[in-house]
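The values are calculated or read from the model by the stated rules, or taken from the named source; none is laboratory data. Bear in mind that the values here come from a model prediction, so they are computed numbers and not experimental data. Positions of Cβ are generated from backbone atoms using ideal geometry, with glycine treated the same way; all protein chains shown enter the neighbour counts.
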Amino acid sequence: MNTANKLTMLRVLLIPVFLILLYLDFPYNNYFALGIFIIASITDGLDGFIARRRNQITDFGKFMDPLADKILTFAAMIWFVEAGLMPAWLVLIVIMREFFVTGIRLVAVAKGRVIDASMSGKIKTVVTMICLIAMFLPLTTWMLFVCWALIGATTVFSGVEYFYKNKDVMKLDMK
């Protein structure tokens, strides 16, 4: 397994550690969980950089990297909903966007086309992870609203852009 794929697997293995730390009741458990979340988030950028730089792009990485990102961010978001720090409707918007994007990619693959991640999708991921990191810290209500707005806006924008740029993939054959 190459270095990039090892970093992706590290992120996958850190997700249950992150969740366990969130649910354990000991002083500063949220800060330990935050540290794990930050490390896992850093591996996201690092594995992609290494894969491109060292020409280590693999089918495993193409599949597992975005999946690991989604599981990590969904885990944090669902915990924030449970903790009363994020509205469930926002998480639903994020999940819907991911299903739509994945669906378009599956249709594209069936048609022999591969759709790479867009810049707006990468920005969405970075903004979401930064906002989730910030939400572990004591924030005022308006700062929480800013995080929600940023996550929502980048999610919707990247989803609409993704659909628009790839709308030809979704044309149905009516034969």
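Do the conditions hold for F163, that is, is it closer than 30 Å to T58 by Cβ, of a type in the set (F, W, Y) and modelled with pLDDT of 95 or more?
On the way: closer than 30 Å to T58 by Cβ: yes; of a type in the set (F, W, Y): yes; modelled with pLDDT of 95 or more: no.
Here the answer is no, as F163 does not meet what is asked.
Give me the residue from the range 121-142 that is surrounded by fewer than 17 Cβ atoms within 10 Å (Cβ to Cβ) and either in the same structural domain as G48 (by TED's automatic domain parsing) or under 16 Å from the mean Cα position of the chain (by Cα) (or both) and, out of that set, modelled with the lowest pLDDT.
We begin by selecting, within the range 121-142, every residue surrounded by fewer than 17 Cβ atoms within 10 Å (Cβ to Cβ); these are 122-123, 126, 130, 133-134, 137-142.
Then drop every residue that is not either in the same structural domain as G48 (by TED's automatic domain parsing) or under 16 Å from the mean Cα position of the chain (by Cα) (or both), which leaves 122-123, 126, 130, 133-134.
Details: K122: 91, I123: 96, V126: 94, I130: 97, I133: 98, A134: 98.
Among those residues, the one meeting the criterion is K122.
Which of (1) closer than 29 Å to L139 by Cα; (2) out of contact with any Leu (no Cβ under 8 Å at 6 or more places or on another chain) is the odd one out, the single condition A75 does not satisfy?
(2)
If L34 satisfies every condition in (1) part of a helix (DSSP H, G or I); (2) modelled with pLDDT under 95 but one, which is the exception?
That leaves (2) as the condition not met.
Out of all the residues in the range 106-120, which are within 20 Å of the chain's Cα centre (by Cα) and assigned to a helix (DSSP H, G or I)?
So in the range 106-120, the residues within 20 Å of the chain's Cα centre (by Cα) come out as 106, 114-120.
Once the filter is applied, which keeps residues that are within 20 Å of the chain's Cα centre (by Cα) and assigned to a helix (DSSP H, G or I), the range 106-120 yields L106, M119, S120.
Hey, could you check the range 78-105 for residues that are part of a helix (DSSP H, G or I) and of a type in the set (G, A, S) and say which is farthest from L139 (Cα to Cα)?
In this case the residue turns out to be G103.
I'd like to know if the range 47-56 contains one or more residues that are in a helix (DSSP H, G or I), touching a residue at least 40 places away in the same chain (Cβ under 8 Å) and closer than 20 Å to P16 by Cα.
Let us first name the residues in the range 47-56 that are in a helix (DSSP H, G or I), namely 47-53.
So of that shortlist, the ones also touching a residue at least 40 places away in the same chain (Cβ under 8 Å) come out as 47-48, 50-51.
With closer than 20 Å to P16 by Cα added as a condition, the list becomes 47.
Yes, because at least one residue in the range 47-56 is in a helix (DSSP H, G or I), touching a residue at least 40 places away in the same chain (Cβ under 8 Å) and closer than 20 Å to P16 by Cα.
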